[in-house]
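Okay, structure first, notes after.
The values are calculated or read from the model by the stated rules, or taken from the named source; none is laboratory data. Just so you know, these numbers come straight off a predicted model, no measurement behind them. No Cβ is skipped: glycine too gets one built from the backbone with ideal geometry, and neighbour counts run over all protein chains shown.
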Amino acid sequence: MKTTRRVNWIAGAVLLLSLAGAVGALHAVDRIRQDATLQDTLYIRSSKTLRRLSLGYTGLLADIYWTRAVQYFGFQHHNDSRDFRLLAPLLEVATELDPKLLPAYQFGANFLAPKPPNGAGKPDEALALIRFGIEHNPDQWRLYYNLGFIYYTEFKDYAGATDAFARGAKLPVTNEMMPVLAARMAQHAGEFETARMLWLTTYQSTKEPAIRQNAVQHLQALQVDEDVTRLEELVAKYRQLSGKLPAGLSDLERAGWIRGTPMDPTGRPYRLMSDGRIEVDDPDRILFITKGLPPGMRSPQPKVAARN
Amino acid sequence: MKSRIASVAFNTFREAVRDRVLYNLIAFALLLSGAAILVGQISIDIERLVVVNLGLTAVSLFGVVIAIFIGIGLVSKEIEKRTLYTVLSRPVRRWEFVVGKFFGLTGTLVVNTFFMAIGVFLALLYVAHKFEAMDAWVLVALYFIVLQFLIVCALALFFSSFSTPLMSAVFTFALFMIGSLSEDLRGFASITRGIGGWLATAVAYLVPNFSALNVINRVAHGDAVPGRLILYNSIYALLYSAMAISGAVLIFQRRNLK
């Protein structure tokens with residue numbers, strides 16, 4: 001009896017020690033091999049081969065590949081890497097395995113299109129992905145919206161964007177903003193207002209919290225860019241009329257050009273600098289802004305950005 | 001006759017439960033709850049898709065593995081333990097024994113699938129917070145999976161009626177793989193001319209067609225499954241199982257058990 005108990009104790013201890021040792025060893029292996037898992041997945045790049053290997057359970061395999069694409073993009077983005085070369089093949093495999101995997105088109109194209117560090121800087125591949133999606137899901141207005149969005153934001157191709165929004169607007173199930181966007185693109189109307197409309201449509205048409213938050217951040221950034229542009233124009237006008245820069249934004253208020261102290265979306269007042277520029281009080285708090293930044297400062301970006 | 005088949009079936013079910021077959025439900029529950037909780041954090045916008053795809057794929061694969069590994073031992077184990085002689089010395093005919101075994105195993109898998117289906121729907125409720133009309137199609141996919149089990153059970157029983165457990169497992173699994181790729185086989189047959197074409201066509205129709213029974217991806221996207229497909233798949237699975245069981249009965253009737 002005593003011997004049995006001793007053997008049990010020793011076996012239990014060996015088991016726990018071995019487990020701890022194995023976990024430690026695996027951790028060390030992971031540190032050496034970093035992104036090996038993702039690279040391994042691309043040893044098989046043919047969706048036809050994967051389709052056969054999956055024995056028909058392609059849906060689950062496509063979900064796995066889409067998740068890997070998200071993880072890969074997040075990992076590279078988090079590490080400030082500009083190397084996204086596996087992103088397009090991962091998305092290609094995911095969508096070929098399951099051509100109806102809509103999130104892979106909608107979000108995948110917007111991982112691909114923007115310039116680094118926000119995306120992979122491959123707008124042509126993003127367009128190809130969305131076109132493949134439309135080919136297999138011609139009744140999904142969101143895909144036409146994504147197509148128009150990329151034409152507008154990445155290529156400033158108004159004709160392409162107009163065509164995409166117009167085609168999406170003709171679908172039986174569509175978004176009420178699609179014809180409006182098509183018309184605005186056709187007219188090349190006000191950049192700020194058009195961009196605001198696009199982000200508002202993005203916000204209203206998704207339930208994904210991260211995407212909604214991203215849309216809100218872009219809407220706030222647009223607000224700042226528009227405010228700063230307008231305030232700097234007023235400062236220039238003041239300088240032209242009075243021959244000197246205003247001492248503060250209150251001078252613009254006294255001139256009757258603005259009402260109250262203008263605030264940025266975080267509730268902080270804009271600052272008038274000695275050279276007549278307008279800056280936000282805390283530029284790190286408002287992402288994606290291109291105006292109102294101290295000289296030389298780059299537009300603040302989130303650690304992982306997903307767009308429309 | 002009915003009560004004898006039912007007795008064999010019930011005992012087969014009881015034996016499977018005693019062999020802790022239903023323990024796979026714990027692994028299934030862990031897999032599905034883990035996926036439902038984690039997928040929202042590691043992916044984007046595919047929570048429902050993953051629950052349906054992963055849930056139904058797991059139901060299917062767990063069931064196929066159970067069907068193969070229990071099915072292959074249904075006859076040989078009884079011979080090895082010599083319990084078969086006790087059964088057959090009573091007024092139980094050999095064909096009744098085979099059919100009873102088949103119903104016992106499929107019954108086990110139906111019960112197993114029922115509990116897994118509850119798990120799938122609970123996970124769906126967790127990720128979507130409500131059921132939608134398109135979730136009803138998941139039931140059709142589950143029904144097709146059960147039809148798949150009927151065929152696999154029948155095949156496992158057929159091979160185990162004349163072969164060793166190991167070889168039966170190999171044969172059944174190979175047929176499951178070929179059957180899952182039967183559309184490729186059909187495509188190959190359609191582009192091959194002459195005797196090769198005839199041969200490929202014959203093989204394509206002889207192997208079980210599991211690809212038509214796999215509508216997991218379709219229902220994951222909420223697409224409808226045509227009523228005609230449900231009808232023809234049901235007829236096909238029943239006839240194919242009947243064919244394999246008949247083969248098993250024919251062989252088992254002639255088998256020398258001494």
Item checked: Checking A:K156 against (1) of a type outside the set (D, E); (2) in contact with an Asp or Glu (Cβ under 9 Å, 6 or more places away or on another chain); (3) on the phi > 0 side of the Ramachandran plot, the condition it does not meet -> (2)
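Per-residue answers, yes or no, for (1) part of a loop (DSSP other than H, G, I, E, B); (2) within 14 Å of B:F144 (Cβ to Cβ); (3) away from chain A (no Cβ under 14 Å):
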residue	(1), (2), (3)
B:S190	no, no, yes
B:W198	no, no, yes
B:N209	yes, yes, no
B:I235	no, yes, yes
B:I245	no, no, yes
B:I251	no, no, yes
Notebook entry, point to check: Of the conditions (1) within 12 Å of chain B (Cβ to nearest Cβ); (2) within 29 Å of A:L55 (Cβ to Cβ); (3) surrounded by fewer than 24 Cβ atoms within 10 Å (Cβ to Cβ), A:F75 fails just one. Which one is it?
Noted result: (2)
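Are there helices (runs of 4 or more DSSP H) fully within segment A:81-196 with at least 2 residues that are away from chain B (no Cβ under 14 Å) and crowded, with 18+ Cβ neighbours inside 10 Å? List them. Don't jump to the end; show me each part of the working.
On the way: elements: A:87-97, A:102-112, A:123-136, A:141-150, A:158-169, A:177-187.
Because the criterion is at least 2 residues that are away from chain B (no Cβ under 14 Å) and crowded, with 18+ Cβ neighbours inside 10 Å, the helices (runs of 4 or more DSSP H) in segment A:81-196 that meet it are A:87-97, A:123-136, A:141-150, A:158-169, A:177-187.
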Item checked: Residue under evaluation B:M134, criteria (1) closer than 19 Å to B:S60 by Cβ; (2) surrounded by fewer than 19 Cβ atoms within 10 Å (Cβ to Cβ), criterion not met -> (1)
Note to self: Can you list residue pairs whose Cβ atoms sit under 8 Å apart, with the first residue in segment B:75-88 being closer than 18 Å to B:M167 by Cβ and part of a helix (DSSP H, G or I) and the second being at pLDDT below 80 and not polar (S, T, N, Q)? Count only pairs 6 or more apart in sequence or on different chains.
What the structure shows: B:V75/B:L84; B:E78/B:L84; B:E78/B:V87; B:I79/B:L257
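Within segment A:52-72, identify whether any single residue is over 26 Å from B:E47 (Cβ atoms) and either away from chain B (no Cβ under 14 Å) or modelled with pLDDT under 80 (or both), and answer yes or no. Lay out the reasoning, then the answer.
Restricting attention to segment A:52-72, the residues satisfying the condition of being over 26 Å from B:E47 (Cβ atoms) are A:52.
Retained after the next criterion (residues that are either away from chain B (no Cβ under 14 Å) or modelled with pLDDT under 80 (or both)): A:52.
Yes, segment A:52-72 has at least one match.
Quick grid of which residues meet (1) of a type in the set (V, I, T); (2) more than 25 Å from B:S76 (Cα to Cα):
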position: B:L185; (1), (2): no, yes
position: B:A189; (1), (2): no, yes
position: B:I216; (1), (2): yes, yes
position: B:D223; (1), (2): no, yes
position: B:Y232; (1), (2): no, yes
position: B:I235; (1), (2): yes, yes
position: B:I245; (1), (2): yes, no
position: B:I251; (1), (2): yes, no
Notebook entry, point to check: Within the group A:L293, A:L252, A:L234, which residue is part of a helix (DSSP H, G or I), touching a Pro at 6+ places or on another chain (Cβ under 8 Å) and among the hydrophobic types (A, V, I, L, M, F, W, C)?
Noted result: A:L252
Item checked: Single unsatisfied condition, A:P209 versus (1) without any contact (Cβ under 8 Å) to a residue 12 or more places away in the chain; (2) in the same structural domain as A:G108 (by TED's automatic domain parsing); (3) out of contact with any helix residue (DSSP H, G or I) (no Cβ under 8 Å at 6 or more places or on another chain) -> (2)
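Could you list, in sequence order, the residues of segment B:29-69 that are among the β-branched types (V, I, T), more than 12 Å from chain A (Cβ to nearest Cβ) and either over 30 Å from B:V8 (Cα atoms) or in contact (Cβ under 8 Å) with a residue 60 or more places away in the chain (or both)? Outline the logic, then answer.
If we filter segment B:29-69 for residues that are among the β-branched types (V, I, T), which is where we start, we get B:37, B:39, B:42, B:44, B:46, B:50-52, B:57, B:59, B:64-66, B:68.
Those left that are additionally more than 12 Å from chain A (Cβ to nearest Cβ): B:37, B:65-66, B:68.
Matches in segment B:29-69: B:I37, B:I68.
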Notebook entry, point to check: Is there a residue being touching a residue at least 24 places away in the same chain (Cβ under 8 Å), of a type in the set (F, W, Y) and closer than 27 Å to A:A62 by Cα anywhere in segment B:186-197?
Noted result: no
Notebook entry, point to check: Filtering segment A:209-252 down to residues that are farther than 12 Å from A:I278 by Cα and among the polar types (S, T, N, Q), which residue is surrounded by the fewest Cβ atoms within 10 Å (Cβ to Cβ)?
Noted result: A:Q240
